[in-house]
Amino acid sequence: MIEHDVVIVGAGLAGMRCALEVCKELDVAVLTKVYPSRSHSGAAQGGIAASLGNSEPDSWEEHMYDTVKGGDFLNDQDAVEEYVKAAPRVIYELEHMGCVFSRTPEGKIAQRSFGGHSKPRACFSADRTGHAILHALHEQLMKNSKSVKIYNEWYMHSLVVDGDRCNGVIVSNIQTGEVEVIRAKAVVFCTGGYGRVFKITSNAFASTADGVMAAFEVGIPLEDPEFVQFHPSGLYRQGILFSEAARGEGGFLLNGKGERFMEAYAPSRMELAPRDIVARAEQSEMDAGRGVNGEDCIHLDLRHLGEARIMERLPQIRQLGIDFIGVDCVKDPLPIQPTAHYSMGGIPVDMNCHVILDSEGTKMNGFFAAGECACVSVHGGNRLGTNSLLDAVVFGERAGKSVLDYARGKDFGNVNEGREKARVLEKFEDIFQRDGSESYNQIRDEMKEIMMTNCGVFRDEERLKDCIETLKGLRERFKKGKVTDKGKLFNTEIYEIMELGNMLGMAVIIATAALRRQESRGGHFRTDFPKRDDEKFLHHSMVYDSPDGLDIKTKPVVITKYQPAERTY
Ligand SMILES: Cc1cc2nc3c(=O)[nH]c(=O)nc-3n(C[C@H](O)[C@H](O)[C@H](O)COP(=O)(O)OP(=O)(O)OC[C@H]3O[C@@H](n4cnc5c(N)ncnc54)[C@H](O)[C@@H]3O)c2cc1C
């Protein structure tokens, strides 16, 4: 059995920032199924929010209000306050760690506009912000390599739980196929989002719900899973992201008639309204037959910005257009459509990243979560752009501090190594022995398709019920699949099947919570209940597993400074 004081699953911004904190005092393992710098955080383009006030006067109060309004008042405001207050400090810390930010002519950290933020607040490194921060953190971890061990290309399968205490994780080495138990005094999940559940998504291949489903499997509820963000500018038919920075720098959105249609939906913020509003506006234009060339597509027009500005501020976006569809945005508009982008919901945690089991805040001892897999909830029903990198860094650090307080001086818990290993070995055997006729690839495609059409930007009762039925059928077919590679070494097929199992489970949870929430709020829009209903639904959803299927309870929203108001832009 492997032993470490603390094990962190995930090496994106949240996991690495957490590890930097924990390694100051304890021995820490960071486990990741992809090489650390390939974590999805590295794909983040546009920026990280903080009220530095470098181009216009700004304050944490304004950042807080924008965040709460953007989240359609479902955010827990005590957590939002701590988080926006911490933002300027964490930006300067990242700068001092070696993160290279773009600059103003006088040498300050430059800040650009972003959707839903009333001030230019996004600190950025051209359009490669996540890459810059991820590499700075990775270098810092390398510097501390004596107390940090990184398990590259290892897969976490399950949690080891004894009563109300978490004692480790069951993992396997993707290269060799060996299953191991890691015993730890505390476990931190930083496993990212689950956008791969949808057909059109900006998310990396690794964003597959393993962490949230491993938590769910041991009885932890999932909070607000119905809130999924669709980003307005995914590459047409592929979903690859063109950052909102393109609109922050002044890009236009045009329908098939060449009109800047946002005038009709958010006249004061136009293209820089929050993402949920822009994505719905695009979908409405397309549904009304006003897409480009009669198709499900909108134009992102950057031509008026000129080549020099595009090359200085948006070089990656230009290259993506050229590489993937042969369109140079200096000369032609880019074809786009809404793309599944961010998971507002996740593993419920308190403000100190301790995983909780219910609305009373009962803790699961030794289990913490941070970053996109966790729901604090600072983003409420809809996250503002640039607030997620901030979430990962602020709460990654906070999780690290909480873990130290918890694990310092603690003994290891009891772990029955044989029994725990057997649980996961059985999962492998079960898949290897199936000799059915179903194709896992086909099942995956059908899941993605139905989630996109029936549980996407617009939802209603009929489509959601149909979606849940279809998913149930797919889960049955999943048990009758056939694996072609039965080897142990680098068997990526078997891992893709495990990920698919997790995504199917997550898809049912998303659709079921969406069916219960009979209102429209943030990223969740019901055409049959188009208004927000604070009387009935101003609460978080808490989805539990039960012998009779999914059981949805509620958790109150923490409201401190800002009372819910109508959300107009
Ligand atoms: C294209 C794109 C652009 C974005 N741009 C921005 C932006 O400009 N600003 C902003 O604020 N936000 C942006 N976001 C959102 C933001 O990047 C993410 O929410 C954030 O980086 C998530 O960080 P994380 O550390 O929680 O998870 P991730 O960076 O997703 O890392 C997850 C980690 O978990 C590991 N993992 C998962 N499952 C397992 C398993 N079973 N076993 C072992 N390891 C596992 C992975 O290997 C990985 O290391 C963007 C997102 C996308 C997709």
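A short reminder: the numbers here are calculations on the coordinates, not readings from a lab. Computed from a predicted model, the values in this text were never measured in an experiment. Please note: Cβ atoms are built from the backbone with ideal geometry, for glycine as well, and neighbour counts cover all protein chains shown.
Relative contact order, percent, of the range 116-221 when contacts are C-alpha pairs under 8 Å separated by at least 6 residues?
Details: 108 pairs, mean separation 17.0, N = 106.
Once normalised by length, the contact order is 16 percent.
Remind me, relative contact order of the chain in percent, using alpha carbon pairs under 8 angstrom and six or more residues apart?
Working: 1331 pairs, mean separation 121.5, N = 569.
Here the relative contact order equals 21 percent.
For the chain, list the DSSP H helices whose alpha carbon atoms reach 27 Å or more along the long axis and whose average Kyte-Doolittle value is -0.5 or above? If you can, show how the numbers build up before the last one.
Working: long enough: 77-97 (29 Å, -0.41); 387-407 (29 Å, 0.29); 492-516 (36 Å, 0.98).
Sorted by number, the helices that extend far enough and score high enough are 77-97, 387-407, 492-516.
Work out the FRET efficiency for Asn441 and Gln238 from their Cβ-Cβ distance, taking R0 = 22 Å, and round it to the nearest 0.05. Can you show the working numbers first?
Details: r = 18 Å, r/R0 = 0.80.
Calculated transfer efficiency: 0.80.
Among the lysines, which fall within straight-line cross-link reach of Lys24, defined as a Cα-Cα distance under 21 Å, with same-chain neighbours fewer than 8 residues apart omitted?
Answer for Lys24, where 21 Å is the Cα cut-off: Lys143, Lys146, Lys149, Lys185, Lys401, Lys410, listed by chain and number.
Indicate the gyration tensor shape class of the range 407-464 (rounded, prolate or oblate), computed on the Cα atoms with a ≥ b ≥ c the square roots of the eigenvalues: a/c under 1.5 is rounded; otherwise a/b larger than b/c is prolate and the rest oblate. List each step's numbers first, then the result.
Working: a/c = 4.68, a/b = 1.62, b/c = 2.90.
Verdict is oblate for the range 407-464.
If you average the alpha carbon positions of the range 242-275 and of the range 422-471, how far apart do those two centres end up, in angstrom?
Between the Cα centres of the range 242-275 and the range 422-471 lies a distance of 35 Å.
Would you calculate, for the chain, the mean residue ellipticity at 222 nm contributed by helices, counting each DSSP H stretch of 4 or more residues as -39,500 (n - 2.57) and dividing by all residues, to the nearest 500?
Values: 15 runs with 201 residues, N = 569.
After summing the helix terms and dividing by residue count, I get -11500 deg cm²/dmol.
Extension gain Asp287-Glu496, at 0.36 nm per residue separation less the Cα-Cα distance, in nm?
71.8 nm
Just want to confirm a number: the relative contact order over the range 270-400, from Cα pairs under 8 angstrom separated by 6+ residues, in percent.
Values: 152 pairs, mean separation 26.4, N = 131.
Reported relative contact order: 20 percent.
Straight distance only, please: which lysines reach the Cα of Lys331 with their own Cα at less than 20 Å, same-chain residues fewer than 8 apart left out?
Answer for Lys331, where 20 Å is the Cα cut-off: Lys257, listed by chain and number.
I'd like the antiparallel share, as a percent to the nearest 5, of DSSP beta bridges with both residues in the chain.
Working: 48 of 73 bridges.
If I count the DSSP bridges inside the chain, around 65 percent turn out antiparallel.
Using a Cα-Cα cut-off of under 26 Å, which lysines could be cross-linked to Lys108, ignoring same-chain neighbours fewer than 8 residues away?
By straight Cα distance, Lys108 reaches Lys85, Lys119.
Return the whole-Å distance between the Cα centroid of the range 116-171 and the Cα centroid of the range 285-352.
Measuring centre to centre over Cα atoms gives 27 Å.
What residues qualify as long-range amide H neighbours of Asn167, i.e. H under 5 Å apart, gap of 5 or more or another chain, H built at 1.01 Å from N?
Placed amide hydrogens put Val160, Val161, Asp162 under 5 Å from Asn167.
So for each of 426-434, 46-54 I average, over its residues, the number of other beta carbons within 10 Å; can you give me the resulting order with the highest mean first? Walk me through the numbers on the way to the answer.
On the way: 426-434: 14.2, 46-54: 24.6.
Peptide ranking by packing, descending: 46-54, 426-434.
Which of Ser439, Val424, Ser402 sits closest to the plus end of the dipole of the range 401-447, meaning its Cα is farthest towards the positive end, when Lys and Arg get +1 and Asp and Glu get -1 on the C-beta?
Final value for the positive-end residue is Ser402.
Counting only residues 5 or more places away or on other chains, whose amide H sits under 5 Å from the amide H of Thr339 once H atoms are built in the peptide plane?
The answer is His231, Ser233, Gly234.
In what sequence, highest mean first, do 277-287, 15-25 appear when ranked by Cβ atoms within 10 angstrom?
On the way: 277-287: 22.2, 15-25: 25.3.
So the peptides 277-287, 15-25, ranked by packing, come out 15-25, 277-287.
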